[in-house]
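Asker: Sharing a structure with you now.
The values are calculated or read from the model by the stated rules, or taken from the named source; none is laboratory data. Because the structure is a prediction, the values reported are computed rather than measured. For neighbour counting, all protein chains shown are included, and Cβ atoms are generated from backbone atoms with ideal geometry for every residue, glycine included.
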Amino acid sequence: MFRAAYRNLGSRQSLVVNHSVAVRSVVGVRWYEIRDPGGMPVLYQQGTYAPDDAYRWMGSTAIDRAGNIGLGFSISSSDLRPAIGYTGHGASDPPGEMGQGEAIAASSAGSQASSLRWGDYSSMSVDPADECTFWYTNQYIPADGVYNWRTRIFSFQLPGCVTSPDYAVWPASGGSAIGRGRAAAIALDSAALLPSAGSKILSLSVAELPAGVTARIDPASVAPGQPATLTLTAAADAQTGRGQGYLIRATAGGATATAAGALDVVDADFAMKPDRIQASVAEGGSTRVRIDTRQLFGTPETITLSASTLRPGLSASFNPPQIVAGESTDLVISTAAGLALANATVAVRGDAASVSHSALIRLRALDAPPAEVTWPADHLAVRAQTSSGCGCSAGGANWDIMALLGLLATIRRRR
């Protein structure tokens, strides 16, 4: 397993990572793409690369500016001395498949003897000069021996990257709602995927609009990194419906980058906002977050609240579980006693007949250490300890608790 590789593609961010797994009677490479790692992480795709009875291990992976994924590894079998192989997942390949075939970059003329250890890591990186060329390094062995390995460094590209746009454009919001007879403003973001693209001028346009919806972009031309605003206007008789969309296009120098936006055309909409986006909870305890709603237009509808992405040991409830737009509810997050906690992100969703909205709450896990405070006449002692015996800040805010207890003890002495 090597380090996770990060890629910012403008409209999305991805992490790719891999590790070795047992498959049938051999070893293969398990790989993953995780999207939106800084928000609500989603396991977008995963797969195990083990197409035959050869052993593949010590893998490394990376992702280029077009979204292609390169995977390198060591490979050997009863018919193949330890060699360096690589494959790729094209952006248009089915999810979870390495569909670009396999190649051997360096073959060995021998095998390693007297030791089961074969290196520590291999490394797959993308060249910052074009963000398309994969560079891979791994080891091979020229003859039978012990630690007489050699290093091979080589590069390759996957189809479609070099000809792909070196800039990106996308709607800043994942989805939007517009009322019939109303207008909605949507921020458009853009970025250069190569330094050389920063001087280009992007001509912006919109296509594939729902029936009865018109659009205007201001300004119509921007340099990568400059903002623009898409204004959508729905006619009074526009067809209502969820999951409709539109397509943003940015053209420069004969290349066109596109991004899809989600759009609901509705008769009623609301806004939803938690009173705080970060909360702390200790083992066996609970925390409360107020969820406020506000009617934007139309007749207020009943909203049903739900929470997801809860880690084991966490539970969530709403009081009340249903409200009418304009009202508030309390989200109560509780933790089980005796269970080690970890930081988490809780997704809150409000579903009404016309639209749905969501919000994220970052949950910080705290230890709840037993504490003892003594204050004889000539000495003040504050002692806090976690269940694991740690009295340090790394155990989960213990010094904060000790400081508070010390302050309370001092106040009591002065009284």
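Asker: Restricting to the stretch 298-321, what's the tally of residues that are among the β-branched types (V, I, T) and within 18 Å of M40 (Cα to Cα)? Reasoning before the result, please.
Answerer: Start the filter on the stretch 298-321 by keeping residues that are among the β-branched types (V, I, T), which leaves 299, 302-304, 309.
After this cut, where a residue has to be within 18 Å of M40 (Cα to Cα) as well, the list is 309.
Number satisfying all stated conditions: 1.
Asker: Anything in the stretch 11-32 that is out of contact with any His (no Cβ under 9 Å at 6 or more places or on another chain), more than 29 Å from W170 (Cα to Cα) and not polar (S, T, N, Q)? List them, or say none.
Answerer: Within the stretch 11-32, H19, V21, A22, V23, R24, V26, V27, G28 meet the criteria.
Asker: Here's another thing I want to ask about it. List pairs: first in the stretch 3-14 and among the β-branched types (V, I, T), second at pLDDT 95 or above and surrounded by 15 or more Cβ atoms within 10 Å (Cβ to Cβ), Cβ under 8 Å, 6+ apart or cross-chain?
Answerer: Within 8 Å, no pair qualifies.
Asker: Next question, about the same structure. Specify which of the listed residues (A262, A236, A250, A228) is among the aliphatic types (A, V, I, L, M), assigned by TED's automatic domain parsing to the domain that holds P195, in contact (Cβ under 8 Å) with a residue 40 or more places away in the chain and loosely packed, with under 13 Cβ neighbours inside 10 Å.
Answerer: Exactly one of A262, A236, A250, A228 is among the aliphatic types (A, V, I, L, M), assigned by TED's automatic domain parsing to the domain that holds P195, in contact (Cβ under 8 Å) with a residue 40 or more places away in the chain and loosely packed, with under 13 Cβ neighbours inside 10 Å, namely A236.
Asker: Go through the stretch 267-291 residue by residue and tally those that are among the hydrophobic types (A, V, I, L, M, F, W, C), in a strand (DSSP E or B), under 23 Å from the mean Cα position of the chain (by Cα) and closer than 27 Å to I178 by Cβ. Reasoning before the result, please.
Answerer: At the first step, the residues of the stretch 267-291 found to be among the hydrophobic types (A, V, I, L, M, F, W, C) are 268, 270-272, 277, 279, 281-282, 289, 291.
From what is left, the residues that are in a strand (DSSP E or B) are 270-272, 279, 281-282, 289, 291.
From the residues that got through so far, the ones that are under 23 Å from the mean Cα position of the chain (by Cα) too are 272, 279.
Restricting the remaining residues to those that are closer than 27 Å to I178 by Cβ gives 272.
So the count comes out to 1.
Asker: Please enumerate the residues belonging to the stretch 7-45 that are over 19 Å from the mean Cα position of the chain (by Cα) and of a type in the set (S, T, N, Q).
Answerer: Across the stretch 7-45, the qualifying residues are S20, S25.
Asker: Out of all the residues in the stretch 293-303, which are exposed (fewer than 14 other Cβ atoms within 10 Å of the Cβ) and within 16 Å of R349 (Cβ to Cβ)?
Answerer: T302
Asker: Which is hydrophobic (A, V, I, L, M, F, W, C) and assigned by TED's automatic domain parsing to the domain that holds S11, of V146, V206?
Answerer: Working: V206 fails: assigned by TED's automatic domain parsing to the domain that holds S11.
Among V146, V206, only V146 is hydrophobic (A, V, I, L, M, F, W, C) and assigned by TED's automatic domain parsing to the domain that holds S11.
Asker: While we're looking at this one, here's another question. Does the stretch 166-206 hold any residues that are charged (D, E, K, R) and within 30 Å of D127 (Cβ to Cβ), and which are they? First the steps, then the outcome.
Answerer: Of all residues in the stretch 166-206, those charged (D, E, K, R) come to 166, 180, 182, 189, 200.
Passing the criteria: D166, D189, K200.
Asker: Taking the condition of being in contact (Cβ under 8 Å) with a residue 24 or more places away in the chain, of a type outside the set (A, V, I, L, M, F, W, C) and exposed (fewer than 15 other Cβ atoms within 10 Å of the Cβ), how many residues in the stretch 310-327 meet it? Don't jump to the end; show me each part of the working.
Answerer: Step one: list which residues in the stretch 310-327 are in contact (Cβ under 8 Å) with a residue 24 or more places away in the chain, which gives 310-314, 316, 318, 323-327.
In the following step, the residues that additionally are of a type outside the set (A, V, I, L, M, F, W, C) were identified as 311-313, 326-327.
Still in the list and also exposed (fewer than 15 other Cβ atoms within 10 Å of the Cβ): 312, 326.
The total comes to 2.
Asker: Follow-up. Restricting to the stretch 102-133, name every residue that is surrounded by 12 or more Cβ atoms within 10 Å (Cβ to Cβ) and hydroxyl-bearing (S, T, Y).
Answerer: Listed by number, the residues that qualify are S107, S108, S111, Y121, S122, S123, S125, T133.
Asker: Test S196 against the stated conditions and say whether it is exposed (fewer than 15 other Cβ atoms within 10 Å of the Cβ), touching a residue at least 24 places away in the same chain (Cβ under 8 Å) and of a type outside the set (A, V, I, L, M). Spell out the reasoning first.
Answerer: Details: exposed (fewer than 15 other Cβ atoms within 10 Å of the Cβ): yes; touching a residue at least 24 places away in the same chain (Cβ under 8 Å): yes; of a type outside the set (A, V, I, L, M): yes.
Answer is yes for this residue.
Asker: Going through the stretch 1-43 one residue at a time, which ones are assigned to a loop (DSSP other than H, G, I, E, B) and surrounded by fewer than 16 Cβ atoms within 10 Å (Cβ to Cβ)?
Answerer: In the first step, residues of the stretch 1-43 are kept if they are assigned to a loop (DSSP other than H, G, I, E, B); the result is 1-4, 9-12, 24-25, 36-41.
Correct list: M1, R3, A4, R12, R24, S25, D36, P37, G38, G39, M40, P41.
Asker: Take L204 and tell me if it is buried (at least 18 other Cβ atoms within 10 Å of the Cβ), of a type in the set (A, V, I, L, M, F, W, C) and out of contact with any Cys (no Cβ under 7 Å at 6 or more places or on another chain).
Answerer: Values: buried (at least 18 other Cβ atoms within 10 Å of the Cβ): yes; of a type in the set (A, V, I, L, M, F, W, C): yes; out of contact with any Cys (no Cβ under 7 Å at 6 or more places or on another chain): yes.
Taking the combined requirement at face value, the residue satisfies it.
Asker: Oh, and also: Based on this model, can you work out whether R294 counts as part of a strand (DSSP E or B), modelled with pLDDT of 95 or more and within 28 Å of D189 (Cα to Cα)? I'd like the intermediate steps shown before the answer.
Answerer: On the way: part of a strand (DSSP E or B): yes; modelled with pLDDT of 95 or more: yes; within 28 Å of D189 (Cα to Cα): yes.
Against the criterion (part of a strand (DSSP E or B), modelled with pLDDT of 95 or more and within 28 Å of D189 (Cα to Cα)), R294 qualifies.
Asker: Quick test of your reading of the structure: T287 fulfils all but one of (1) more than 30 Å from P165 (Cβ to Cβ); (2) of a type outside the set (A, V, I, L, M); (3) surrounded by 18 or more Cβ atoms within 10 Å (Cβ to Cβ); (4) touching a Gly at 6+ places or on another chain (Cβ under 9 Å). Name the failing condition by number.
Answerer: (4)
Asker: Continuing with this model, one more query. Any residue in the stretch 87-104 that is at positive phi sitting within a Cβ distance under 6 Å of a residue that is assigned to a strand (DSSP E or B)? List the pairs, counting only those 6 or more apart or interchain.
Answerer: Final answer for the pair search is G96/Q45; G96/Q46; G96/G47.
Asker: Further, regarding this structure: Condition (residue is aliphatic (A, V, I, L, M), within 27 Å of V146 (Cα to Cα) and not assigned by TED's automatic domain parsing to the domain that holds L360) applied to the stretch 45-68: is it met by at least one residue? Reasoning before the result, please.
Answerer: So the first thing to find is which residues in the stretch 45-68 are aliphatic (A, V, I, L, M), and the list is 50, 54, 58, 62-63, 66.
Now drop any that are not within 27 Å of V146 (Cα to Cα), which leaves 54, 58.
Filter again for not assigned by TED's automatic domain parsing to the domain that holds L360, leaving 54, 58.
Scanning the stretch 45-68 turns up at least one residue that is aliphatic (A, V, I, L, M), within 27 Å of V146 (Cα to Cα) and not assigned by TED's automatic domain parsing to the domain that holds L360.
Asker: Here is a follow-up. Looking at (1) among the charged types (D, E, K, R); (2) surrounded by 18 or more Cβ atoms within 10 Å (Cβ to Cβ); (3) not in a strand (DSSP E or B), find the lone condition where R56 falls short.
Answerer: Every listed condition holds for R56 apart from (3).
Asker: Could you identify the single residue in D64, D53 that is under 23 Å from R3 (Cα atoms) and charged (D, E, K, R)?
Answerer: Numbers: D53 fails: under 23 Å from R3 (Cα atoms).
Step by step, each of D64, D53 is checked, and only D64 is under 23 Å from R3 (Cα atoms) and charged (D, E, K, R).
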